[in-house]
Every structure is written in structure tokens, then in C-alpha cells.
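> I am attaching a structure below and will ask some questions about it afterwards.
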Amino acid sequence: MVIRLMSCGVLIAGAVLFGTGCRNTAEAQNPPTNQEKARFCGGIAAIPCPEGYVCVDDPSDDCDPNNGGADCGGLCQKAPDKGACDQPERSYVSRDPNRCAAIRFVCDPNKVPFFDDCGCGCEPAK
């Protein structure tokens, strides 16, 4: 008789727990935004992006590559049209945004550093 009661108790407890385990959670009801889905890149380890993507600064952190943050992490974004990168006033240190996360460089006094989808380097101060 005791074994029969224990078996019934286990079945009832299992049915109750099984029913609560399949409810929608907050994560399932609120899918991640594009920024949450974006792949991490850059940082001190200079993690590269997949082919066709470039590493850009993560706007949600406090690290600013234009303000001394040489090891800032970034997010992978689709690579831009290369025609948009032809700006003669810019001098590029690298046209590979994935490598820019690992390059430390200094600009002339009348120029400021830039980091974007086209690469990194120095441009005239605005």
C-alpha cells in the first residue's frame, strides 16, 4: 500500500512540474533586439568578424576608441559599400576594421583618430 501511494505521489508531482516547465518565459515572449543578436568582436583579443562583416564600436558600453580606448570591444555589422570609404582627406592606418581593434597609433597634432566600417586612421580635426 505504501508503494502504491508513493507511486501516485510521484506521478502527481511529475504532472504538476511538467505543466509548469513549458510556460512562456520573459525571454521567449521578448525576442532579443538586433544589438543583442550582434556578434562580439575586437577587444584586447582582437576577435575578428566573419567574412563580409566589420567590427564597429559598441555604443552601449563606456569604452570610446576615439578617446584612448584602444582595446574597446565592438559589434559585427554588415560591411559597407567600398565606394563610401573613398575620402581623400583621411589617411588610413588600416582599411580592415577587424585589425583596427589591435592597432595602436597616434595622429599628428592637427588630426584626430577615426574608427569606422571603412577602417581606422587619422582625419582633419573638425
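The values are calculated or read from the model by the stated rules, or taken from the named source; none is laboratory data. The model shown is predicted, which means the values in this text are computed figures rather than measured ones. Virtual Cβ from ideal backbone geometry, glycine too; neighbours counted across all protein chains shown.
> So which residues in region 45-89 are of a type in the set (Gly, Ala, Ser) and modelled with pLDDT under 75?
GLY68, GLY69, ALA70, GLY83, ALA84
> Where in region 72-126 are the strands (runs of 3 or more DSSP E), entirely inside, with at least 1 residues that are surrounded by fewer than 16 Cβ atoms within 10 Å (Cβ to Cβ) and not charged (D, E, K, R)?
Answer list for region 72-126: 91-94, 111-116, 119-124.
> Here is a follow-up. Would you check if PRO48 is under 21 Å from ALA125 (Cβ atoms) and under 15 Å from the mean Cα position of the chain (by Cα)?
When the stated conditions are applied, PRO48 does not pass them.
> So, one more: Which pairs turn up if I take residues in region 91-109 that are modelled with pLDDT under 90 and look for partners that are part of a helix (DSSP H, G or I) with beta carbon separation below 9 Å, at least 6 apart in sequence or on another chain?
Sorted first by the residue in region 91-109, then by its partner, the pairs are ARG95/LYS82; ARG95/CYS85; CYS100/PRO65; ALA101/PRO65.
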